[in-house]
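This report refers to the structure that appears directly beneath it.
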Amino acid sequence: MKVSIQTLGCKVNFAEMADLGDRLARAGFTVSDADEQADICVINSCTVTAQADRKLRTMVHGLRRRNPEAHLVLTGCHVDNPNPRVSAVPDVDVSFPNARKREIFDYLASNFEPAAGGGSTTFARSRFFLKVQDGCNHRCTYCIVWRTRGISSSEEAAVLIERARQAVADGYGEIVLTGVDLGAFGRDRNQGFAPFVARLLHAIAPARLRLSSINANDITPDLTELAGAPRFCRHLHIPLQSGSDRVLKRMGRLYRRRDYLEVVAALRRRSPDVAVTADVIVGFPGETDEDFADTQAVAREAGLTGMHVFRYSPRAGTAAPRLGLPVDDPISRERSHQLQLQANDQRRAYEARFIGRDLEVIWDRRLPHQMRGLSDNYITVHAPHRDQTLGSLATVRPLAASPDGLLCG
Ligand code: SF4
C-alpha cells in the first residue's frame, strides 16, 4: 500500500508526520509526500488562519480529484477547531483530532495491507524533526491553537535523547526541536529547557541542533549562552508579531518591543552572525500607521534575516475579534506588501555577507539539476550534483547570490 503524507502549517505537524512515516515504513508501507497513485492520503492540517482553512479545502478537493479511490485521513488542528462550520471538511473518509493522532498508525496497520516488497519512506529524510512538547498555556488573543492543542505537556527527556541519538545513528545530520510552545518544555516536569538542550547537543555529536521557534520571553541567559556553542545552528526563529507595545499588549504577548530587541542583541553578542527570523502579523485590530511603523522599525533594528508576514484574519473562538477596530482590507494588504519588501531586502543583505565564506550545509533536497542545502544560519544554497548524500553535512563556499539563496560553483 502506498501512503502519501501531506502536512500544512507548523513544524510540529511536520515532526508528527515524519514520525508516522517512519513507523509506517517499518511496518511495510511505502511512504512519500507525492500523492500520485496513493492508496491512502494522510493530511495533517492547520487552522491558524482563514487562509490555512482554505488551503486545506483546496488540498482535499485536489486529492479527491486526482485519487478518487484513495482513503483520505484527516488530522490536525483543523479537526479540533471548535467552530463547526470550519471543522467540517467534506470528502474525507475518517478524521482524528489531535488527542487521537497517535492512533492513526494502528488504524492504518489494522485496516490496510502493507506493500509486498517491504516498507520504505522518502518523507523527511534529511533533517530529523523531534517533537518534544505539545500544547500551550498562553492565551494570545489571535490564536486558536491553544484550544486545538490543549495544555502544555513535555515528553520525557531521556526518551527524547535516545530518539535523537538513534536518528543520528540512522544518518541524520541535523536534529530540529519542535513544540507548539517550545520554550515551555520541561515546565510541567519541573525541568529547565536550556539544560535539556545542552544534554541533547552533547548526545547527538557530530550532528547539529536547531530550535524551530521560540518566544522571546523564553530565551533565558543560559539558552543565549548555548546559542554560541559549536553545532548549535546559528539561527533562531523568534516570533515578533508586532513591534508596537500597544499591539503586543492587545495580542496578549508576554514580551515587549524592548525585551525583543534586548534578546536579539544578547544573541548577537554571543554569536555575531546568528540569523534571526520571525513571524509578523499585520492588520491586527486597532493597528495604526504608527504601530505598523514601529513594527518596521523593530524588524530593521533587530536585523531580522527573514520574516513570515501574515495578514490578520479573525478566528471564531478567539478574543481578538471582540477587541473592535478592525483594519480595512486594503490597508492590511498594503502593510503586508511593504513588510514583505523589507523582509526580502533584509534577507538578501544578510545572505550577501556570506558570499565567499565557508558555510556548513545539510543537503536536504535533490532537484533535477542541482542539490539544495540549508546552512546552519538558515540560508538556502544550491550546488551542482556531485554525489552528495541527502541528510549529510558539508562545507561549501557560495560564489554568488540568486533570487532564492546562494549559489556554489
Ligand atoms: S504562544 Fe500564543 S500564539 Fe503561540 S500557540 Fe500559544 S497561544 Fe498560540
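Largest GNM mean-square fluctuation across Gly317, Gly171, Gly117, computed for the chain with C-alpha springs under 10 Å, falls on Gly117. In the chain, the DSSP beta bridges split such that about 30 percent are antiparallel, to the nearest 5. The mean sequence separation of alpha-carbon pairs under 8 Å and at least six residues apart, normalised by the residue count of the stretch 359-407, gives a relative contact order of 38 percent.
Three principal axis extents describe the C-alpha atoms of the chain; from largest down they are 61, 50, 46 Å. Annotation: amide H-H contacts under 5 Å for Arg208 (H modelled 1.01 Å from N, sequence separation of 5 or more, or interchain): Glu174, Ile175. Counting only cysteine Cβ atoms and a cutoff under 4.7 Å, the chain contains unmatched residues Cys10, Cys41, Cys46, Cys77, Cys136, Cys233, Cys408. Residue by residue, the stretch 328-334 carries 3J(HN,Hα) couplings of 4, 3, x, 5, 5, 4, 5 Hz when phi is fed to the Karplus relation 6.51 cos²θ - 1.76 cosθ + 1.60 (θ = phi - 60°); x denotes Gly or Pro.
Residues in the stretch 300-311 carry Karplus couplings, in order, of 6, 5, 6, x, 4, 9, x, 9, 9, 9, 10, 8 Hz; the curve used is 6.51 cos²θ - 1.76 cosθ + 1.60 with θ = phi - 60°, and Gly or Pro positions show x.
Pairwise Cα separations in the stretch 2-121 fall into 5 Å bins from 0 onward with the following percentages, short to long: 2, 12, 24, 26, 20, 11, 4, 1, 0. Rg ratio for the stretch 173-304: its Cα radius of gyration over 2.2 N^0.38 Å, N being its residue count, equals 1.10. Straight-line reach from Lys101: taking Cα to Cα under 20 Å and skipping same-chain neighbours fewer than 8 places apart, the lysines in range are Lys2, Lys11, Lys131.
For the stretch 5-33 and the stretch 194-261, write down the distance between their C-alpha centroids in whole Å. The stretch 5-33 and the stretch 194-261 have Cα centres separated by 26 Å. A cut-off of 5 Å between modelled amide H atoms, ignoring neighbours fewer than 5 places along the same chain, links Ala275 with His235, Leu236. Within the chain, the longest run free of GluC sites (Glu not before Pro) that sit in a DSSP loop with at most 12 other Cβ atoms within 10 Å is 157-409. Here r is the Cβ-Cβ distance between Thr58 and Phe112 and R0 is 22 Å; the resulting FRET efficiency, rounded to 0.05, is 0.25.
Using the average count of surrounding beta-carbon atoms within 10 Å as a protection proxy, the listed peptides 273-283, 304-314 rank, highest first, as 273-283, 304-314. The stretch 132-174 and the stretch 63-115 have Cα centres separated by 22 Å. In order along the stretch 192-199, the phi-based Karplus estimate (6.51 cos²θ - 1.76 cosθ + 1.60, θ = phi - 60°) of 3J(HN,Hα) comes to x, 6, 4, x, 5, 4, 5, 4 Hz; Gly and Pro are listed as x. Residues whose amide H comes within less than 5 Å of that of Met307, counting only those at least five positions distant or on another chain, are Ala278 (H built at 1.01 Å from N in the peptide plane).
Evaluate the Debye formula for the stretch 359-407 with equal point scatterers sitting on the alpha carbons, no solvent, and hand back log10 of I(q)/I(0) at q = 0.24 Å⁻¹, in q order, two decimals. Values returned for q = 0.24 Å⁻¹ are -0.82.
Give me the percent relative contact order of the chain, please, defined on Cα pairs under 8 angstrom at least 6 residues apart. About 12 percent, as a whole number. Its DSSP H runs of at least 4 residues, each contributing -39,500 (n - 2.57), put the calculated 222 nm mean residue ellipticity of the chain at -10500 deg cm²/dmol, to the nearest 500.
Size estimate for the stretch 313-354 follows the Kirkwood approach: the inverse of mean 1/r over distinct Cα pairs works out to 12.8 Å.
Computed from the coordinates by the stated procedures, all read-outs in this text should not be read as laboratory data. None of these values were measured; they are calculated from a predicted model. So basically every Cβ, Gly included, is an ideal-geometry build from the backbone, and we count neighbours across all protein chains shown.
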